[in-house]
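The values are calculated or read from the model by the stated rules, or taken from the named source; none is laboratory data. Only a predicted model underlies this, so the values are computations on that prediction, with no experimental measurement involved. No Cβ is skipped: glycine too gets one built from the backbone with ideal geometry, and neighbour counts run over all protein chains shown.
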Amino acid sequence: MRTAAHKDREREALARLEASGFRMTPQRAHVYRVLLEKRDHPTAEDVFIRSKRAMPDISMATVYNCLDALVQSQLVRLVSHDRGATRYCPNMKPHHHFYCDRCGGAYDIDEHAGLRLPDLDIPAGFHPERYEIVVRGLCPDCAVREAGVRA
């Protein structure tokens, strides 16, 4: 059973897709739901593996096409860190990321009201529209494992 929040999100997704020139296909709806179910910044391959569980006939190409449509419709954002695979984030609210150096996990850090673009010496002619703070270290699970290794 879908909650009111789910129905609102689905209506918003449909409107954004249509405004961007896309239709809400069963495959796009499914890939979007997969991204919303577990917000762990999955790679396209992760999304493909998760999507196949409930939609066995979906292809990797279809998953890539769905992800591209969701990104173009501003329902999902691309997250890249270092040289790893591109990841997908359905959190479209302003936020930052914490990257675990050990397991490669990416975690959202909410942006607090009043946080402003740091006082940087931005070169003349550049007009920043947004910024992202990246914090690196160990996630709680890796920190516990690291402490156990050192003990």
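Please specify each residue of the stretch 1-28 satisfying the condition of being among the charged types (D, E, K, R) and either assigned to a helix (DSSP H, G or I) or touching a residue at least 40 places away in the same chain (Cβ under 8 Å) (or both).
LYS7, ASP8, ARG9, GLU10, ARG11, GLU12, ARG16, GLU18, ARG28
Out of everything in the stretch 108-131 that is under 19 Å from VAL71 (Cα atoms) and surrounded by 12 or more Cβ atoms within 10 Å (Cβ to Cβ), what residue ends up being modelled with the lowest pLDDT?
TYR131
Output the number of residues of the stretch 6-36 satisfying the condition of being of a type in the set (Val, Ile, Thr) and in contact with a Ser or Thr (Cβ under 8 Å, 6 or more places away or on another chain). It would help to see each step written out before you state the result.
Within the stretch 6-36, the subset of a type in the set (Val, Ile, Thr) is 25, 31, 34.
Retained after the next criterion (residues that are in contact with a Ser or Thr (Cβ under 8 Å, 6 or more places away or on another chain)): 31, 34.
Looking only at that region, the number is 2.
Pick from the stretch 36-49 the residues that are surrounded by fewer than 16 Cβ atoms within 10 Å (Cβ to Cβ) and acidic (Asp, Glu): which of them is farthest from GLU12 (Cα to Cα)?
Restricting to residues being surrounded by fewer than 16 Cβ atoms within 10 Å (Cβ to Cβ) and acidic (Asp, Glu), the top hit is GLU45.
Please indicate, with yes or no, whether at least one residue in the stretch 39-46 is assigned to a loop (DSSP other than H, G, I, E, B), closer than 29 Å to GLY21 by Cβ and of a type in the set (D, E, K, R).
Applying the first criterion (assigned to a loop (DSSP other than H, G, I, E, B)) to the stretch 39-46 yields 39-42.
Filter once more, so that each one left must be closer than 29 Å to GLY21 by Cβ: 39, 41-42.
Applying the additional criterion that residues be of a type in the set (D, E, K, R) yields 39.
For the stretch 39-46, residues assigned to a loop (DSSP other than H, G, I, E, B), closer than 29 Å to GLY21 by Cβ and of a type in the set (D, E, K, R): present.
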